[in-house]
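The next block holds one structure in the form of structure tokens; read it before the comments.
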Amino acid sequence: VRTIGVLTSGGDAPAMNAATRAVVRVGLERGLNVKGIRKGYNGLLNEDIIDLTSRHTADSISRGGTILFTARCDEFKTPEGQKRGAEVCREQGIDGLVVIGGDGSFQGAQRLAELGINTIGIPGTIDLDIACTEYTIGFDTAVNTAMEAIDKIRDTSTSHERCSIVEVMGRGAGYIALWCGMATGAEDILIPESFDGNMPKLEQQIIEHLLRNRALGKTHHMIINAEGVGHSYGMAKRIEAATGIETRATILGHMQRGGSPTAKDRVYASMMGAYAVDLLCAGKSNRIVGYQNGKFMDIDMDEGLAMEKHVDDYQLQIAHLLGK
Ligand code: ADP
């Protein structure tokens, strides 16, 4: 391996920069040339590629977002796009590629590996929804950002004796909601994994819980709702109509993707970036870097992507118990 490339793809996540920085610095230290591919697979197809030096990553470890930019690229989902991507890698002399992104981005990396380009995936997603790893870049920061916002909403909600619904990110996975819910002592936590699609039933349960708590003298009621359950504004209206208790919905949205990463995210992302380079140096391809049982590790990409992630039932049970 003489030259490696690095790109960030799909949804951005805080501390992607820490991973990029480690890829660059460890790559250079190992005697490799490092090329930055900007805007994900789009940049690969458009040859938006720059030579990276340590200078490019200076002052990046504390910055949110991704200095390489990110994008979605439909063309890369086609066999022609993928062939072209592999061709560009060969033309540019890139014989190893680090892809920082979610499972969609990993599927692109898998295709490139099949076409003979050594690729390593680093899990970069605030959603924590990659089954083969207990840690994904950005989750810790996103949870802390959302938690701080929820604490603030809770203050004003208590003053006005309101019920609050705060919608956090997580279309397919409720980890942000579960963690924020536990961390803020929420009364209800709604996640897609345990939602059967019956909204009237769910709302009825919340209404009964809210009325029970009011009867006990509780002055607020915080509901953390995952994006995958959604419908927060409608839910607020219906709860207010049914209970007479003022109910407000807040959708936190993209603020959860931004901000300066936590120490944990910076350190883990740095380790994963370094690990990915060392896998490429060892001639490995089609692997995902993960963190399991207290250790950084790697797993075959096909195997990793085939795994299914399940919310820890015990954690879910305790979260509900604590919010009772
Ligand atoms: P994430 O990586 O965060 O899951 P996406 O699912 O949007 O985000 O994927 C990011 C990009 O990865 C897509 O825009 C596309 O370029 C590429 N990609 C996603 N799925 C595939 C696939 N099945 N085959 C090839 N490339 C894919």
message: Quick check: net charge around residue 288, other residues with Cβ under 12 Å of its Cβ, Lys/Arg +1 and Asp/Glu -1?
response: -3
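Quick one: length gained pulling residue 204 to residue 30 fully straight, 0.36 nm per residue minus the C-alpha distance?
Working: separation 174, 0.36 × 174 = 62.64 nm, distance 5.99 nm.
Extra length from residue 204 to residue 30 when fully extended: 56.7 nm.
For 57, 136, which order do you get if you count the other beta carbons within 10 Å of each Cβ and list the fewest first? It would help to have the intermediate numbers written out before the result.
On the way: 57 21, 136 27.
Ranked by crowding around the Cβ, least crowded first: 57, 136.
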task: Just report the Cα centroid separation between region 227-292 and region 65-114, whole Å.
output: 23 Å
- prompt: Here are some pairs, 35/284; 264/284; 152/201; which of them have Cα atoms lying more than 24 Å apart in this structure?
  reply: 264/284; 152/201
query: Could you name the aspartates and glutamates in cross-link range of residue 295, using Cα to Cα under 13 Å and dropping any fewer than eight places away on the same chain?
result: 134
field: Among beta bridges that DSSP assigns inside the chain, antiparallel share in %, nearest 5
entry: 20 percent
message: Going by average Cβ density within 10 Å per residue, which order do the peptides 203-216, 28-41 take, highest to lowest?
response: 28-41, 203-216
- line: Ordering 180-192, 309-321 by per-residue average of other C-beta atoms within 10 angstrom, highest first, gives 180-192, 309-321
query: Once amide H atoms are placed 1.01 Å from N in the peptide plane, what residues at a sequence separation of 5 or more from residue 119, or on another chain, have their amide H within under 5 Å of its amide H?
result: 97, 286, 287
- request: Could you state the angle between the C-alpha long axis of helix 103-114 and the longest principal axis of the C-alpha atoms of the chain, as a value from 0 to 90 degrees rounded to the nearest 10?
  value: 20 degrees
Sum of -39500 (n - 2.57) over DSSP H runs of 4+, divided by residues of the chain (222 nm, nearest 500): -13500 deg cm²/dmol
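Given an 8 Å cut-off on Cα distances and at least 6 residues of separation, report the relative contact order of the chain as a percent.
Working: 714 pairs, mean separation 76.4, N = 324.
About 24 percent, as a whole number.
Just to verify a number: FRET efficiency for residue 310 and residue 54, C-beta to C-beta distance, R0 = 30 Å, to 0.05?
Values: r = 41 Å, r/R0 = 1.36.
Efficiency, from the Cβ-Cβ distance: 0.15.
Using a 10 Å cut-off on Cβ atoms, rank the peptides 289-299, 139-149 from the highest mean neighbour count down.
On the way: 289-299: 15.3, 139-149: 23.2.
Highest-to-lowest ranking by the protection proxy: 139-149, 289-299.
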Among 319, 69, 44 - extreme Cα towards positive end, dipole of the chain, charges at beta-carbon: 69
- request: Counting only DSSP beta bridges with both residues in region 1-136, tell me the antiparallel percent, nearest 5.
  value: 15 percent
statement: Cross-link reach from residue 77 to lysines, straight Cα distance under 20 Å and at least 8 residues apart if same chain, gives 39
GNM top mover of 262, 20, 219 - the chain, alpha-carbon springs below 10 Å: 219
statement: Sequence order, region 6-20: Karplus ³J(HN,Hα) from phi using 6.51 cos²θ - 1.76 cosθ + 1.60, θ = phi - 60°, Hz rounded, Gly and Pro as x, gives 9, 9, 10, 9, x, x, 7, 8, x, 5, 4, 5, 5, 5, 4
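Any read-out appearing in this document is the output of simple, stated calculations on the displayed coordinates, not a laboratory observation. Bear in mind the structure is a predicted one, so any value in this text is a computation, not a measurement. Glycine also receives a Cβ, built like all others from the backbone with ideal geometry; neighbour counts cover every protein chain displayed.
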